Each structure stands twice: as structure tokens, then as C-alpha cells.
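The values are calculated or read from the model by the stated rules, or taken from the named source; none is laboratory data. Keep in mind it's a predicted model, so treat the numbers as computed, not measured. Cβ sites come from the backbone with ideal geometry, for glycine too, and all protein chains shown count toward neighbours.
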Amino acid sequence: MSPEGTAPWTTPSVLEAALRCRCPRCGKGRLFRGILDVRARCETCDLDLAGNDAGDGAAALVILVLGAIIVSLAFWTEFRFHPPLWLHAILWPLLTIPLAVAMIRPTKAALIAMQYRHRASEMGL
């Protein structure tokens with residue numbers, strides 16, 4: 001039930017909670033305090049978020065997925081256009097760093113939302 005006792009929460013999908021970086025129960029409260037610090041409690045539904053932390057799972061997933069994409073693009077660029085080495089040294093960090101930063105928050109939010117869903121289904125909620 002919501003804090004007002006009026007209606008049960010409408011739980012957002014994992015994708016919606018991840019892309020919006022919102023609470024996995026209500027979908028309204030912000031999940032993060034700062035860049036990657038998970039809030040202790042949801043500001044809207046008062047869900048305890050302290051135990052829901054993805055740890056290094058999000059970073060590992062981003063490294064594996066983004067690394068495969070960037071390395072594939074670097075090989076394709078090298079074999080297709082034969083650019084000088086200095087261009088590779090400038091191009092790929094300029095592409096990799098912003099993409100990694102953009103991907104890490106939603107990935108961490110998705111892992112936290114999946115943790116919440118898994119615990120809720122085990123408890124019968």
C-alpha cells in the first residue's frame with residue numbers, strides 16, 4: 001500500500017526503472033544520490049534501498065559489452081580505413097569514456113530493480 005493507504009503501488013518494469021533510474025517499487029523516487037550512490041530509502045514510497053546494491057556487477061557488464069563493441073569498431077576502422085595510430089589513440093577514448101558513463105547508471109539501476117523483483121517474488125509480494 002502507498003503511504004496514504006489508498007492503493008497498491010504500480011510497479012514499473014525493470015526497463016522503465018532502469019532507464020529512468022527510479023525506485024524499483026514505485027517508479028517515482030530517485031534511486032541515486034549523486035552519480036552512483038544508492039539512496040538509503042526511496043523518497044516517495046520509503047522502500048529500504050540500503051540492501052539493494054549491485055556492487056561491481058554493473059561495471060563488469062558495461063566493461064564487457066562496451067569493450068566488445070569498441071574493439072570491434074576499432075578493428076573495423078583499422079582494416080577498412082587504415083588510419084594512423086595517433087587517430088586511434090584519440091578517437092577510442094573519446095568515444096569509450098562518455099558511453100561508459102552513460103551506460104553505468106541505467107545498468108546499475110537495472111540490476112537493483114532485478115534484485116528487488118527477485119526478493120519480492122520469493123516473499124510472495
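A few notes on this one:
- Of all the residues in the range 67-84, those that are closer than 30 Å to residue 31 by Cβ and either at pLDDT below 95 or out of contact with any helix residue (DSSP H, G or I) (no Cβ under 6 Å at 6 or more places or on another chain) (or both) number 3.
- Screening residue 51 on (1) in a helix (DSSP H, G or I); (2) over 15 Å from the mean Cα position of the chain (by Cα); (3) not acidic (Asp, Glu) shows it passes everything except condition (1).
- Set 27, 57: member being buried (at least 17 other Cβ atoms within 10 Å of the Cβ) and modelled with pLDDT under 95: 27
- Unique residue being in contact with a helix residue (DSSP H, G or I) (Cβ under 9 Å, 6 or more places away or on another chain) and modelled with pLDDT under 95 when the list is 99, 87, 111: 111
- Within the range 5-24, restricting attention to residues that are among the small types (Gly, Ala, Ser) and part of a loop (DSSP other than H, G, I, E, B), the residue that is surrounded by the fewest Cβ atoms within 10 Å (Cβ to Cβ) is 5.
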